[in-house]
Structure formats: C-alpha cells, structure tokens
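Notes follow the structure.
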Amino acid sequence: MKRKLIVFGLLFVFAISSLSACGDDSSGTTGKRSENTLTVLNYGKYIDEDVLKQFEKETGIDIKYEEYESPEEMYTKYKAGAIDYDVICTSEYIIQKLISEGEVLEQDYSTLSNYSNLDSDILKLAQSYDPMNSYTVPYFYGTVGIVYDTTKVTEEEVSSWNCLWDKNHKNEIIMMNSVRDAFIPALKLSGYGINETSEENLREALKLLDKQFPIVYAYFVDEIGDEMISGNAHMALIYSGEAAYAMDFNENLAYTIPEEGSNLWIDSWFIPKTCQNEEAAMLFLDYLCGHEIGIANFEYVYYASPLTSVVEALDEDVRNNEAVIPSKESLTECEVFTSIDDEKTALLNHLWQELKSRTVQ
C-alpha cells in the first residue's frame, strides 16, 4: 500500500561517502600535501570509478575523492574551508555564485589538448554563467521534464505542466525534493521564468504548489527513477538522465518537456582558489574531455555528454532519445538557472518550508 513520504528540511545533507580510491588520511586536508595528490569533489555516483583508477595509473597522481548530494551542500562544504579542493564539479548557478565571490580561478582552457572535443553549442549556452568560458569545463547536461507511464497517461496530457495538478492522478505524482526544480512547473504555468525572484510572483507560484500538495505521492530526488521503473506512480518531475535510466528498465515509460518550457542544466568542472595542484587539475580536466574516457563516463552516468566524439559514437536510437541527448529544438525552449543572492535564496527556502511543513493528510 502506498503512503506519502515527505522529507522535511533543506537539502543540506552531510552524508559524504568516499570511493575506494579516497582513503581517509589527512593528505587532502588544509596544509602541505604531496605534489602528486589531486583532491576532487563531485556529485555522488557521477564518475566511473575505473576512470579515477586509470588516471592514477597513467599519471602517478593520487586522487583523493569526495562526494556530495546537493549543490547547496557542496557550497557549504567548500566554504567551510576544512579541505583544499583542487577541482570541483557542480551546478551552474552555484558556480556563478562562487565566481562572483572570487572563489574560482580563471584559466585558458583552450590550451587543453581535448578542448576542441567540447560541443560549441554547449559552450555557448554555458556563457550564461561563464561569459568567456574561462572558469569552467562542461561535464554533463540535460533538462528537467516529465517521465510518465504511457499505459496510464497520454502524450497529450503531459504536453503541459498542468498534468502535475490533475486530480485524476492523485497520489500518482512524484515531485522533486529540490526547491528550485520543484518551482519550475509552477513558475512556468504562472507565466514567469525559472529565475524569478519577486516575492509576489514566487508566492503566486507557491499557491499552485500548495494546491498540488494533497495529490502528490512523494517528494524524491535519487529514488524517482526506481519508483517509476517499479510502477509506483503515473508521472514524475525528473532530470532527463534519470528518465533515460528508468526508460531502459521499463518500456512503458516515456519522457517529455512540456510546451511551456523548462530548465537546461549544465554541470561543470572548475578549479577553486584553494587549488594546491593547478597543473594536475588541468591534466585531470583534459583527461575527462578525451574520447575513450568520455565514453566510459557516459555509459556510467548516462547523461548527455558535451563531447562531440561521444555523441557521434552513439547508436542512432540513443542519439534521438530526448531523455538522453536533448534535441537542439528543445534546448531553445529551456532556460539555464542563474545564481540568486542570499536574500532571495533565503526567501525561496522559506517558501519551500512553508509548503513542506503542511500536515500530511
């Protein structure tokens, strides 16, 4: 029997797991450490472990690898200053915030031997948060849309974000437990952009989310794909890559971006000012842009790769799968998140807590 699962609180989860390559010695902490050490911070399950081992073997550089769950957690972890990270991967709006705070080193990434392998269209889109492409290297990208069970929901129904408010699917709708992502459908239906910061307009969107709350089955993040594979919901707000993963295991699932438009997200690598081994950091980023390594990471993560050689090597059915590789047409209907100041971030979080603190019926 289904039950509604509500996760209270912000996504500041401090459960950090380490890959076997990490070790837990103090060589990654603040202070002098080996020149042959590279301290990396990345989303959880966001790189093929064998890639790290292969890099270590080929270069003799020891990788100290840490993971985090949300961009906000990454920001808090980095700003705490307990560890001098050499290279970090995270979401565009957090990188933009760190750039404005002087926390990111500017680089001439065009000197990387594999830089020409990066899709020029993605580099252009990345200029929304990195105008000269001098602070970041795109890693994976995708969209936010709806994954749905085609035996329960029609393509016409999911053509608009309104489907997420359809009472005919009560307790069969999954929303993302992520404040900015969850606001996307409500903001778009209210006629606003996804970077809206006006309190009046945000509260208008909140009213929609509040109206939706009683019919939502759950607020999840990493569990959404598995829930849809198991048939536990009719539809879900989801990242495109997670939808692609779910569709591989359940032939009844499909993915779409509603006609009102959505979010294009770009996760990128950057070198923070805490970097102790800039040469190794650049070498690592160049390594990740290579074809064979790009293929390995794509097959592991299964999100859209900005590496042209990787996309060209994919089967036609994979290239044409909107959940795997967003079409150029769909990208024109999407916006990239931009950084918002601390005051507006606090407002968003406060509004999110207003919603999430409701009594479960």
*asked:* If R₀ is 22 angstrom, what is the calculated FRET efficiency for the pair LYS170 and GLU251, using the beta carbon separation as r and rounding to 0.05?
replied: 0.30
_Point-to-point label distance, GLN54-SER134, nm (Cα→Cβ direction, 7 Å offset)_ = 3.3 nm
*Report, as a whole number in µm² per second, the diffusion coefficient that Stokes-Einstein gives for segment 213-361 at 4 °C and 1.567 mPa s using the Kirkwood radius over alpha carbon pairs.*
71 µm²/s
*asked:* Going by Cα centres, segment 90-118 and segment 161-224 are how many Å apart?
replied: 31 Å
*Can you pull out the GluC sites (Glu not before Pro) in segment 64-152 that DSSP calls coil and that have at most 15 other Cβ atoms within 10 Å?*
GLU101, GLU106
_From the alpha carbon gyration tensor of segment 51-98, can you work out the equivalent ellipsoid semi-axes (sqrt of 5 times each eigenvalue) and give them in Å, largest to smallest?_
24, 12, 9
*Report the percentage of all Cα-Cα pairs in the chain whose separation exceeds 26 Å, rounded to a whole percent.*
50 percent
*What translational diffusion coefficient, in µm²/s and rounded to a whole number, does the Stokes-Einstein relation yield for segment 106-204 at 4 °C and a viscosity of 1.567 mPa s, taking the hydrodynamic radius as the Kirkwood radius over Cα pairs?*
77 µm²/s
*asked:* Counting other beta carbons within 10 Å of each residue's own, what order do HIS350, HIS234, HIS291 fall into, fewest first?
replied: HIS350, HIS291, HIS234
*Taking Cα atoms, how many degrees apart are the long axis of helix 49-59 and the longest axis of the chain, rounded to 10 and kept between 0 and 90?*
20 degrees
*Along Cα→Cβ, 7 Å out, is where each label goes; now give me the distance between the ones at SER116 and ALA80 in nm to one decimal.*
4.4 nm
_Rounded tilt (10° steps) of 278-288 against the dominant C-alpha axis of the chain_ = 50 degrees
_Model label zone, ASN36; criterion: amide N under 20 Å from point 7 Å along Cα-to-beta-carbon; scope segment 65-107_ = 65, 86-87
*Calculate how many DSSP beta bridges within the chain are antiparallel, expressed in % of all such bridges and rounded to the nearest 5.*
55 percent
*Excluding residues fewer than 8 places away in the same chain, name every one of the aspartates and glutamates whose C-alpha is closer than 15 Å to that of LYS167.*
GLU157, ASP210
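Can you tell me the relative contact order of the chain? Whole percent, Cα pairs under 8 Å, sequence separation 6 or more.
Normalised by residue count, the contact order of the chain is 27 percent.
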*Stick to the Cα atoms of segment 278-331, pair each with every other, and give me the Kirkwood hydrodynamic radius in Å at one decimal.*
12.0 Å
*Short version: ³J(HN,Hα) in whole Hz for each residue of segment 106-122, in order, from phi by Karplus 6.51 cos²θ - 1.76 cosθ + 1.60 (θ = phi - 60°), x for Gly and Pro, what are they?*
7, 9, 9, 5, 5, 7, 5, 5, 9, 4, 5, 7, 7, 4, 5, 5, 6
_Based on the alpha-carbon set only, what is the convex hull volume of segment 69-143 divided per residue, in Å³?_
108 Å³
*Please report how far the C-alpha centroid of segment 271-289 lies from that of segment 141-155, rounded to the nearest whole angstrom.*
37 Å
*Expressed as a rounded percentage, what relative contact order does segment 209-288 have, with Cα pairs under 8 Å and six or more residues apart?*
18 percent
_Need the full-extension length gain, ASN201 to LYS273, defined as separation in residues times 0.36 nm minus the C-alpha distance. One decimal, nm._
22.3 nm
*Helix axis angle, 240-249 relative to the chain longest principal axis, alpha carbon, degrees*: 80 degrees
*Test item: Cα-centred dipole of the chain, Lys/Arg +1 and Asp/Glu -1 on Cβ, debye*: 1280 debye
*Would you mind getting the Kirkwood hydrodynamic radius of segment 221-266 from its Cα pairs, rounded to one decimal in Å?*
11.1 Å
_What translational diffusion coefficient, to the nearest whole µm²/s, does segment 156-298 have by Stokes-Einstein, given a Kirkwood radius computed over alpha-carbon pairs, a temperature of 37 °C and 0.692 mPa s viscosity?_
189 µm²/s
*Using mean Cβ contacts within 10 Å as the protection proxy, how do 124-134, 167-177 order, highest first?*
167-177, 124-134
*Can you pull the one-decimal nm distance between simple spin-label points at TYR46 and GLU316, each 7 Å off the Cα toward Cβ?*
3.5 nm
*Tell me, ASP226, ASP48 in order of fewest to most beta-carbon neighbours within 10 Å?*
ASP226, ASP48
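FYI, it's all coordinate maths here, none of it is from the lab. If you're wondering where the values come from, they're calculated on a predicted model, not measured in any experiment. So basically every Cβ, Gly included, is an ideal-geometry build from the backbone, and we count neighbours across all protein chains shown.
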